[in-house]
Amino acid sequence: MILLNFNIVNIEAKCKNGAEVSDDERLKISENNTKAILRILDIHDIKASFFVEVSLVEKLQNLLKAISFQGHEIAFYNKDSNPEEIENTKRITQDFLEKHIKGFRQKDNKISYQSLKLMEFSYISNIDNAGILFPFKRLRRDTTIIEEDGLSIVPESISPYSQLPYNDFIFQVLPMKYYQNMVFETLKNDEFVLIYLNSWQFTDFKKYHFDVPFYRRLNSGKKMEDKLDALLTWINEKEMATSRMKDYIF
């Protein structure tokens, strides 16, 4: 099973040469990038899970309604919101979507599993920081979903052969043929592959002069759209099963 995820997060990088991009403009970039992702998913009739950064949820209500209407899952991505903010945002979101928010993601375990269980989340899908050298520091680890404090804990996927993780950075830099082979080989060994990307990776850095490292500009924008399109085309050609996170876990 392939679990395809997207993190909706604003790009945080500063701009070059003293230029500025306002918070509203950054939000609009995230919205447009997400709409590009939705178009590609719709073409291939594949459903995914979208983890929306908590502080952006109320600002993107119309976008989240569109995502949900198209059959995708809405979940939360937390950067630095506190439990009270998360709980309040969850209540508001469930009211306007008329659906229960089950998934939660963060890079560091800032919010305890007990607190998240009390907020009635059902599963946790934490991720690690990804940089140019980070993948080469990874060690083999268990990729099985476990239960803890009444929550399903979904680990990041990692190739049992190359030991490369399936994070946003690896998708961006690896040649598609190699990436496809990695997915195919991993599914022979594991029950699922969790693939996640960030909305900001679809930013046109020629138009917006953000000061990002060269390896993060590589294959970004339209090239990232083309890579995603190529991956989904391959998935359908090989008749590989895909699922939203909540459907697979429960």
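One table, with the values for the structure above:
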{"item": "Total residues in region 168-183, condition touching a helix residue (DSSP H, G or I) at 6+ places or on another chain (Cβ under 9 Å) and either among the small types (Gly, Ala, Ser) or within 23 Å of Glu237 (Cβ to Cβ) (or both)", "result": "9"}
{"item": "Whichever residue in region 182-214 is of a type in the set (Phe, Trp, Tyr) and under 19 Å from the mean Cα position of the chain (by Cα) and, among such residues, is nearest to Val154 (Cα to Cα)", "result": "Phe192"}
{"item": "Qualifying residue in region 60-69 (condition: surrounded by fewer than 21 Cβ atoms within 10 Å (Cβ to Cβ) and outside any helix (DSSP H, G or I))", "result": "no"}
{"item": "Subset of region 77-89 [touching a helix residue (DSSP H, G or I) at 6+ places or on another chain (Cβ under 9 Å), surrounded by fewer than 20 Cβ atoms within 10 Å (Cβ to Cβ) and assigned to a helix (DSSP H, G or I)]", "result": "Pro83, Glu85, Glu87"}
{"item": "The lone exception for Ser22 - which of (1) in contact with a helix residue (DSSP H, G or I) (Cβ under 8 Å, 6 or more places away or on another chain); (2) surrounded by fewer than 17 Cβ atoms within 10 Å (Cβ to Cβ) it fails", "result": "(1)"}
{"item": "Glu31 being farther than 16 Å from Phe96 by Cα, in a helix (DSSP H, G or I) and under 16 Å from the mean Cα position of the chain (by Cα)", "result": "yes"}
{"item": "Selection within region 61-97 - acidic (Asp, Glu) and in contact (Cβ under 8 Å) with a residue 40 or more places away in the chain", "result": "Glu73"}
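All of the numbers you see were taken from the coordinates with simple rules; none came from a lab. All values derive from a computational prediction rather than experimental measurement. Glycine also receives a Cβ, built like all others from the backbone with ideal geometry; neighbour counts cover every protein chain displayed.
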